[in-house]
Amino acid sequence: MSHYDTIIIGAGMSGLAAGIRLAYYDQRVCILERHTTIGGLNSFYRLDGRNYDVGLHAVTNFTSKGARKGPLARLLRQLRFSWDDFCLSPQIGSTIAFPGISLRFNNNFEFLRSEVHRNFPGEKDNFARLAETVVEYDDLDERVARCSARTIVSDIIQDPLLVDMLFCPLMFYGSARENDMDFAQFSIMFRSIFMEGLARPWAGVRVILKNLVRRFKQLGGELRLRAGVQRMEVERDRVSRIILDDGTLIEGDRVLSSAGWFETMRMCADDRPSQPQAPEAGPGQLSFVESVSVLDSEPRELGCDRTIVFYNDSSNFHWRKPDELVDVRSGVICCPNNFAYDQPLGDGLVRITALANFDRWKHLPATAYQAAKRACNQKMVESAVRFIADFRPHIVATDTFTPTTIRRFTGHENGAVYGTPEKRWSGTTHLKNLFICGTDQGFVGIIGAMFSGIAMANRHLLMQRQDDRDAKP
């Protein structure tokens, strides 16, 4: 039976980053991945000779080369990568578009500030106060972390339209809670999108993933694909061994799971009595449909010059699980071509993301499912061209994925991209040697996921290993 210092469940961004961090300290680490490829929520695939990204619109937390502060700089130091290893190019410029009004922003926070002053002159001082509150927020203050961001922000910003416009991008890129966010999540996302910025590797998410896997293997780490976890055997408050789907048994001193809180708890064979849960403590409900259109031209040549457009066309911004298959009243339009690359991307691409209902998709028969994908793709494109130039005559190929696609390839309950609303910021569980990282620990996005893996590795797996050594006679 194979034995490791640490077993990591899931070869997504957080699992790979944690594996690298541990391997630097001579731990024998094995990463288990149920599927045939890496990446989890941020993966890639090839269809009809074209490469597609899953999940990635943009990398948040972007800072320029040479910056010493911020999550990206800290992450690169912890993983011992250079800035060039991720090949990031900054956005050209994005927009938040609501009926009759829009706010433009780029990777210079002062530009967004000027846009707020121009469109909401009465909120000038209030917006400055909000920015100060976000900057001064202590990430370790768990008393404030779970407070309602809607309540805190609405106490500072008086115009409800500006409140909705600020929440729209942050919720689409990181809120698991319907109609609200934890203030911790709001602060993280506000800083990462508005104060730091957006970027993307020219060749997409595969650049980051392949660099992570290459470094992990160079350090002696073991990556097992097609190695799903059937269950974890538990003895005396500890995971004693792991049984894979094919019956293989492996042992580890510690286990770090990036599979999600509820998904991880399902794997534990310890007869733990289930406790009644408040609705917000249950599995997440928010999932998406995403449409990808391949064009015969660069989007900018057609008049689509924005990097990302976060749009809403109803009187209020609604952030909740829709009753129908997809809610096209709001969404995200991303043009991956519109980053400041050194060379053209190649195919023109437009990606559209909208809220969706997992239960509605799950119960569709196969033939109805395919028809629903086509119909929803059409509705989403029709919705998008209200906010950007009409690119429909230039579409040469499309692909669409749904909440059931997300559920199949990530295992997340309800296809919930951002997991459960109730985050486990400490990363601990009821078992002494089982920890979680990734979305349900609390950090989202590509940089956030990697930072979660690193933070949990530092906090629990490296420290606990030293404690184990100190305890030996």
Worksheet item: For the stretch 397-422, how many residues are of a type outside the set (Val, Ile, Thr) and in contact with a helix residue (DSSP H, G or I) (Cβ under 8 Å, 6 or more places away or on another chain)?
Response: 11
Worksheet item: Of PHE387, PHE451, PHE401, which residue is touching a residue at least 60 places away in the same chain (Cβ under 8 Å) and over 30 Å from THR63 (Cα atoms)?
Response: PHE401
Item to complete: Output the helices (runs of 4 or more DSSP H) that fall wholly within the stretch 79-174 and possess 1 or more residues being within 30 Å of ASP342 (Cβ to Cβ), or say none.
Response: 109-119, 160-172
Worksheet item: Among the residues of the stretch 44-65, is there at least one that is part of a strand (DSSP E or B), loosely packed, with under 15 Cβ neighbours inside 10 Å and in contact with a helix residue (DSSP H, G or I) (Cβ under 9 Å, 6 or more places away or on another chain)?
Response: yes
Discussion item. I need the full set of residues from the stretch 433-468 which are of a type in the set (D, E, K, R), modelled with pLDDT of 90 or more and in a helix (DSSP H, G or I), in order please.
Written reply: ARG459
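Looking at the stretch 210-225 only, could you name the residues that are of a type in the set (S, T, N, Q) and crowded, with 17+ Cβ neighbours inside 10 Å?
The answer is ASN211, and nothing else.
Filtering the stretch 233-253 down to residues that are among the hydrophobic types (A, V, I, L, M, F, W, C) and either under 14 Å from ALA269 (Cβ atoms) or modelled with pLDDT under 95 (or both), which residue is surrounded by the fewest Cβ atoms within 10 Å (Cβ to Cβ)? Step through it out loud before you land on a result.
Just the residues of the stretch 233-253 that are among the hydrophobic types (A, V, I, L, M, F, W, C), to begin with: 234, 239, 242-244, 249-250.
Filter again for either under 14 Å from ALA269 (Cβ atoms) or modelled with pLDDT under 95 (or both), leaving 234, 239, 242-244, 249.
On the way: VAL234: 19, VAL239: 25, ILE242: 24, ILE243: 16, LEU244: 17, LEU249: 11.
Filtering the stretch 233-253 for residues that are among the hydrophobic types (A, V, I, L, M, F, W, C) and either under 14 Å from ALA269 (Cβ atoms) or modelled with pLDDT under 95 (or both), the one surrounded by the fewest Cβ atoms within 10 Å (Cβ to Cβ) comes out as LEU249.
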Practice prompt. Might you check whether a residue that is touching a Cys at 6+ places or on another chain (Cβ under 6 Å) and part of a strand (DSSP E or B) occurs anywhere in the stretch 15-35?
Written response: no
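This table checks each residue for (1) more than 26 Å from the chain's Cα centre (by Cα); (2) β-branched (Val, Ile, Thr).
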| position | (1), (2) |
| --- | --- |
| PHE339 | no, no |
| GLY348 | no, no |
| ALA366 | yes, no |
| ALA375 | yes, no |
| ASP390 | yes, no |
| ILE395 | yes, yes |
| ARG407 | no, no |
| GLU413 | no, no |
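Yes/no per residue for (1) modelled with pLDDT of 95 or more; (2) in the same structural domain as GLU290 (by TED's automatic domain parsing); (3) within 16 Å of CYS335 (Cα to Cα); (4) part of a strand (DSSP E or B):
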{"position": "ARG351", "(1), (2), (3), (4)": "yes, yes, yes, yes"}
{"position": "TRP361", "(1), (2), (3), (4)": "yes, yes, no, no"}
{"position": "LEU364", "(1), (2), (3), (4)": "yes, yes, no, no"}
{"position": "THR367", "(1), (2), (3), (4)": "no, yes, no, no"}
{"position": "ALA371", "(1), (2), (3), (4)": "yes, yes, no, no"}
{"position": "ALA375", "(1), (2), (3), (4)": "yes, yes, no, no"}
{"position": "GLN378", "(1), (2), (3), (4)": "yes, yes, no, no"}
{"position": "ILE388", "(1), (2), (3), (4)": "yes, yes, yes, no"}
{"position": "THR398", "(1), (2), (3), (4)": "no, yes, yes, yes"}
Worksheet, complete the sentence: Considering the stretch 329-348, residues that are of a type in the set (A, V, I, L, M, F, W, C) and surrounded by fewer than 23 Cβ atoms within 10 Å (Cβ to Cβ), and then whichever is nearest to VAL289 (Cα to Cα), we arrive at VAL332
Worksheet item: So, in the stretch 288-324, of the ones that are β-branched (Val, Ile, Thr) and part of a strand (DSSP E or B), which residue ends up farthest from ALA199 (Cα to Cα)?
Response: VAL289
Fill in: Evaluation of LEU112 against (1) crowded, with 16+ Cβ neighbours inside 10 Å; (2) at pLDDT below 95; (3) aliphatic (A, V, I, L, M) (one fails), failing number
(2)
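The values are calculated or read from the model by the stated rules, or taken from the named source; none is laboratory data. Treat the numbers as computed from the prediction; the structure is a model and nothing was measured. Neighbour counts are summed over all protein chains in view; Cβ atoms, including those assigned to glycine, are modelled from backbone coordinates with ideal geometry.
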